[in-house]
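Notes follow the structure.
The values are calculated or read from the model by the stated rules, or taken from the named source; none is laboratory data. Quick caveat, the model's predicted, so the values are computed rather than measured. Please note: Cβ atoms are built from the backbone with ideal geometry, for glycine as well, and neighbour counts cover all protein chains shown.
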Amino acid sequence: MTRDLPREIKRLGKAELVALAQRARDLHLGSGRRADRITEHVENSRAAFMRAVLRESTPQPCYRTLVLAHRLDGSVEHFPLDVLPGEFAALPEVSSAELLKLTRWALSWVPISDLPAEYQAEWDRTRRGESLESPGGCPSL
């Protein structure tokens, strides 16, 4: 259930991310990236962001989190990482300004959907200067 999950988004640096990945491996927690992979591929100077998505109970209580991190090659990686609740709570929260910036950045990656075919046909007619019929029997003005 997600009702007892923390709602905040956390901000962390590469060193914190590597330490959490190593701790998860040492404790045999379920999911995540290995510390050496993070060391090799995650950018040093940019923050990573983490949010809890699931509460796990074995081998001990932890949060399954999703991490968004910038890679050295300029791409972005989004991966799971299991984190102990106390370690998650200790991480700093993303500020309002950072959250706004992160949201804008994330939305810039979502492709704009194509127009539905009937809207595209209407747009094409308008561009050619053809008249449009009034929708739904509305009187023409």
_For Ser57: the one exception among (1) among the hydroxyl-bearing types (Ser, Thr, Tyr); (2) free of Cβ contacts under 8 Å to residues at least 24 places away in the same chain; (3) touching a Pro at 6+ places or on another chain (Cβ under 8 Å)_ = (3)
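Each row is one residue, and each column tells you yes or no for (1) acidic (Asp, Glu); (2) exposed (fewer than 15 other Cβ atoms within 10 Å of the Cβ); (3) in contact with a strand residue (DSSP E or B) (Cβ under 9 Å, 6 or more places away or on another chain); (4) closer than 27 Å to Ser108 by Cβ.
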position: Thr39; (1), (2), (3), (4): no, no, no, no
position: Asn44; (1), (2), (3), (4): no, yes, no, yes
position: Arg55; (1), (2), (3), (4): no, no, yes, no
position: Pro61; (1), (2), (3), (4): no, yes, yes, no
position: Asp73; (1), (2), (3), (4): yes, yes, no, yes
position: Glu77; (1), (2), (3), (4): yes, no, yes, yes
position: Asp82; (1), (2), (3), (4): yes, no, yes, no
position: Phe88; (1), (2), (3), (4): no, no, yes, no
*Among the residues of the range 1-34, write down those that are of a type in the set (A, V, I, L, M, F, W, C) and either in contact (Cβ under 8 Å) with a residue 24 or more places away in the chain or closer than 18 Å to His78 by Cβ (or both).*
Met1, Leu5, Ile9, Leu12, Leu17, Val18, Leu20, Ala21, Ala24, Leu27, Leu29
*Residues within the range 91-114 that are of a type in the set (A, V, I, L, M, F, W, C) and either touching a Pro at 6+ places or on another chain (Cβ under 8 Å) or surrounded by 11 or more Cβ atoms within 10 Å (Cβ to Cβ) (or both), tallied*: 7
*Can you tell me which of Leu84, Leu99, Leu107, Leu27 is among the aliphatic types (A, V, I, L, M) and at pLDDT 95 or above?*
Leu84
*When only residues in the range 1-32 that are of a type in the set (Gly, Ala, Ser) and assigned to a helix (DSSP H, G or I) count, which is surrounded by the fewest Cβ atoms within 10 Å (Cβ to Cβ)?*
Ala15
